[in-house]
1. Of the numbered conditions (1) touching a helix residue (DSSP H, G or I) at 6+ places or on another chain (Cβ under 9 Å); (2) over 27 Å from ARG65 (Cα atoms), ASP185 satisfies every one except a single condition; which is it?
2. Would you confirm whether any residue within segment 130-151 is closer than 19 Å to ARG65 by Cα, aromatic (Phe, Trp, Tyr) and touching a residue at least 60 places away in the same chain (Cβ under 8 Å)?
3. Taking the condition within 24 Å of PRO62 (Cα to Cα), at pLDDT 95 or above and surrounded by fewer than 18 Cβ atoms within 10 Å (Cβ to Cβ), does ALA138 pass?
4. With (1) aliphatic (A, V, I, L, M); (2) out of contact with any Leu (no Cβ under 6 Å at 6 or more places or on another chain); (3) at pLDDT 95 or above as the list, and ALA163 as the residue in question, which single condition is left unmet?
5. Considering each residue of segment 201-216, count those that are over 21 Å from the mean Cα position of the chain (by Cα) and touching a residue at least 12 places away in the same chain (Cβ under 8 Å), and give that number.
6. Output the residues belonging to segment 181-218 that are among the polar types (S, T, N, Q) and either open to solvent by 30 Å² or more (accessible area, probe 1.4 Å) or touching a Ser or Thr at 6+ places or on another chain (Cβ under 7 Å) (or both).
7. Can you name every residue in segment 165-180 that is surrounded by 12 or more Cβ atoms within 10 Å (Cβ to Cβ) and without any contact (Cβ under 8 Å) to a residue 60 or more places away in the chain?
8. Could you check segment 107-128 and list, in sequence order, the residues that are over 14 Å from GLN225 (Cβ atoms) and not small (Gly, Ala, Ser)?
Amino acid sequence: MTQINREWAIAKLRDYIEVASITFMPDEPDTFGFWSFELKNPTPQVQAATQVIEQVLDRVLPGWRTAEWKKPDRQPFWREREAAHRAIAQLEAEQELTENLGSGAPQLDASTLHRWVWGSVQGLWGSGHYRQAVGMAAVAVNAQAQAKVGRKDLSESKLLGDAFSTKDPEPGKPRLRLAPKEDSDTWRSRHEGAAAFARGVYAAIRNPIAHEAGDELEENEALEQLAAFSILARWIDNAMVEKAS
């Protein structure tokens, strides 16, 4: 994750805890024997603050939406407040944790991945569905490639193997060119490598996810796989389309 402004995030989280705070109602319990709670501030105000703070929580505690925390009785917005408290603790300890547990190596920020990849998986990623997110990224890149070359008769590795072919384009078979065509080993290697890379990511990453049952991916492993599809997406997006005359 890219280094975020910890002071700003902590301040926003603390403000949210105050905005979304609740008041205990010391009256008689209701007919079910429960004591009542109510928000100190109007519900629309809390909802507006929640809309913003959820984005902070997604960055700091990606699994907060589905975490198995003990649920207090009848308290509105309890999960958001619980996550905010935990996120503050995480942010305050982050520097110490990094210095003592991390290597100090640069980290990959998912938001910098190609838009075809990250834009298609944010919701799944935020809910911890990493394996499904990688599969969705593969589908999104394939759809964009099909649209760019105007072909739906082929897909995934076959489509991109043909699109990056060093052969001249044919009717109905345009090519993707990463650079203007020239008679050089570098030009041929670049396109042969792109075709091989595309076949590799679909064969070794996409196919097992689509056709084999498997455990959920670890977050770091899934991020590496998303990065592979991001590389491919960027090549496709930046490539020129060469059609038969």
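The values are calculated or read from the model by the stated rules, or taken from the named source; none is laboratory data. None of the values given here were measured: they were computed from a predicted structure. Cβ sites come from the backbone with ideal geometry, for glycine too, and all protein chains shown count toward neighbours. Each accessible area value is taken on the protein alone, full model and side chains, heavy atoms only, with ligands, DNA and RNA left out. Shrake-Rupley method; radii C 1.70, N 1.55, O 1.52, S 1.80 Å.
1. Exception for ASP185: condition (1).
2. Step one: of segment 130-151, the residues closer than 19 Å to ARG65 by Cα are 130-133.
Next, from what is left, pick out any that are aromatic (Phe, Trp, Tyr): 130.
Filter once more, so that each one left must be touching a residue at least 60 places away in the same chain (Cβ under 8 Å): 130.
Checking segment 130-151: at least one residue is closer than 19 Å to ARG65 by Cα, aromatic (Phe, Trp, Tyr) and touching a residue at least 60 places away in the same chain (Cβ under 8 Å).
3. No; evaluated as a whole, the condition is false for this residue.
4. The failed condition is (2).
5. Here is the first cut: in segment 201-216, the ones over 21 Å from the mean Cα position of the chain (by Cα) are 203, 211-213.
Now narrow it down to the ones that are touching a residue at least 12 places away in the same chain (Cβ under 8 Å): 203.
Number satisfying all stated conditions: 1.
6. Listed by number, the residues that qualify are THR186, SER189, ASN207.
7. Here is the first cut: in segment 165-180, the residues surrounded by 12 or more Cβ atoms within 10 Å (Cβ to Cβ) are 165-166, 169-170, 173-179.
Residues satisfying the conditions are SER165, THR166, ALA179.
8. Initial filter on segment 107-128 (over 14 Å from GLN225 (Cβ atoms)): 107, 109, 111-112, 115-116, 119, 122-123, 126-128.
Those that are over 14 Å from GLN225 (Cβ atoms) and not small (Gly, Ala, Ser): GLN107, ASP109, THR112, ARG115, TRP116, GLN122.
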